[in-house]
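The values are calculated or read from the model by the stated rules, or taken from the named source; none is laboratory data. Predicted model only: the values in this text are computed from it and were never measured. Methodologically, a virtual Cβ is constructed for each residue, glycine included, from the backbone with ideal geometry; neighbour enumeration extends over all protein chains shown. Note: areas computed on protein heavy atoms with side chains; ligands, DNA, RNA excluded. Shrake-Rupley method; radii C 1.70, N 1.55, O 1.52, S 1.80 Å.
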Amino acid sequence: MTNYEKNKRFYWLQLKEDFFEEDAIDWLEEQPNGKEYSLFYLKLCLKSLRSNGILIRNVGQMLIPYDHKKLAELTKTNSDTVVVAMKLLTKIGLVEILENGEIYLKQVEEMIGMQSVGAFKKQQQRITKSKQKSSANFLGGQGVDKCPPDTEEELEKNKDTDKEQHQTSVIIQFWDGNGFGLNNIQGKNQLLSWLDDSSFKQPEKIIRKAMEIACANNKRQLNYIEGILRNWENQSLLTLEEIENNKKEYKKQATANDGYDYGF
C-alpha cells in the first residue's frame, strides 16, 4: 500500500440514537413537508463533513456563497423546498450564515467520524489480536514458548509491538476507569485510531490529556474528546508542552482583556 493510500481518509456522519427526538429536529419534522427538510439537513451535514460544517464554493481563487439553486443541485432537492428549509433551519439555529456567506452547520463538528485507511487497518489488527488473546485465555492453554529473536529486525519489531501495547494500554485503562463506557468497544477502537492517524508527538499522552479535560467538564463522550484533539491538531499544537503554553497564553490574554481569569 502506498503512503497516499495509507493516509487517504474516509468520513462518516455519527447520529445519536435520539437524533430525531431532539427538539429542533422534532419541530422541523412537524412542519408541512418536514420530512423533506430534515433529509435536506442531513444531506448538507454530509456534504460539509470534510470542512467541519462549513459550506462555501471554491471557484479558482474566489469563495462564492451557495444560493438556493446551487444548494438544490448539490443535494438533489427541489429548489422551493431548499428555500423554505434554509429559512426554517436558520430560524431554529441548526444553520448559521456567516459574515462572508458561508453556511455553518453547528452540529457537524460533534457528528464527524473520520479515519485513514492505514489507521483502519491498524484498528482491525488490534481487534484480531484481542480476539486471539481472548480465545487463548478461554481455552486455558499454555502458549508455546517462543525462541528469543535472533535478528536485529525481529528485535526492532518486538520493540515496536511493546510500544504499541503500552500506548494502547494507557488509553484503555483511563477509558475503562473513568466512566467512558466499559462495553463501548467501537468508541475505544475509534479513539485508539488517533495513535496512528494523527501528527501528535507521544499521542497516547495527548489523547489522555483530552480525556482528562472531558472528565473535568463532565463530557464523557467520544465526540467531545475528538473535538479537542482536532482543535489541537488544527492549531498545530502537537506536544503537551505546546498545549500547556497555549493554555497559559490564552489565560494571560483573557486576564489582560478584562482583568478576569476565567479559570479554563
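The VAL83 and GLU110 beta-carbon pair, evaluated with R₀ = 30 Å, returns a calculated FRET efficiency of approximately 0.65. Of the trypsin sites (Lys or Arg not before Pro) found in the range 51-86, those that fall in a DSSP loop while having at most 12 other beta-carbon atoms within 10 Å are LYS76. Judged by the ratio a/c of the largest to the smallest principal axis of the C-alpha gyration tensor, the range 1-104 counts as oblate, that ratio being 1.5 or greater while a/b is no larger than b/c. Neighbours of TRP27 by Cβ distance under 14 Å: Lys/Arg scored +1, Asp/Glu scored -1, total -3. Placing R0 at 22 angstrom, the Cβ-Cβ distance between ALA24 and ASN231 gives a FRET efficiency of 0.35 after rounding to 0.05. R0 = 25 Å: FRET efficiency of GLN165 with GLU241, Cβ-based, nearest 0.05? In this case the efficiency is close to 0.45. Our estimate of slack between SER51 and LYS91, defined as 0.36 nm per intervening residue step minus the Cα-Cα distance, is 12.1 nm. A simple count of charges around ASN52, restricted to other residues whose Cβ falls under 10 Å of its Cβ and scoring Lys, Arg +1 and Asp, Glu -1, yields +1. Extension gain for LYS251 to VAL59 (0.36 nm times residue separation, less C-alpha to C-alpha distance): 65.2 nm.
Pairs to check: LYS16/LYS76; LYS106/LYS251; LYS70/LYS201; LYS188/LYS247; LYS76/LYS188; LYS201/LYS252. Give those whose C-alpha atoms are more than 31 Å from each other in this structure. Checking Cα-Cα distances, LYS70/LYS201; LYS76/LYS188 exceed 31 Å.
Element breakdown for the range 10-83 at a 1.4 angstrom probe: carbon and sulfur atoms account for 50% of the accessible area.
Extending 7 Å from the Cα toward the beta-carbon at both GLU99 and HIS68 defines two label points whose distance is 2.8 nm.
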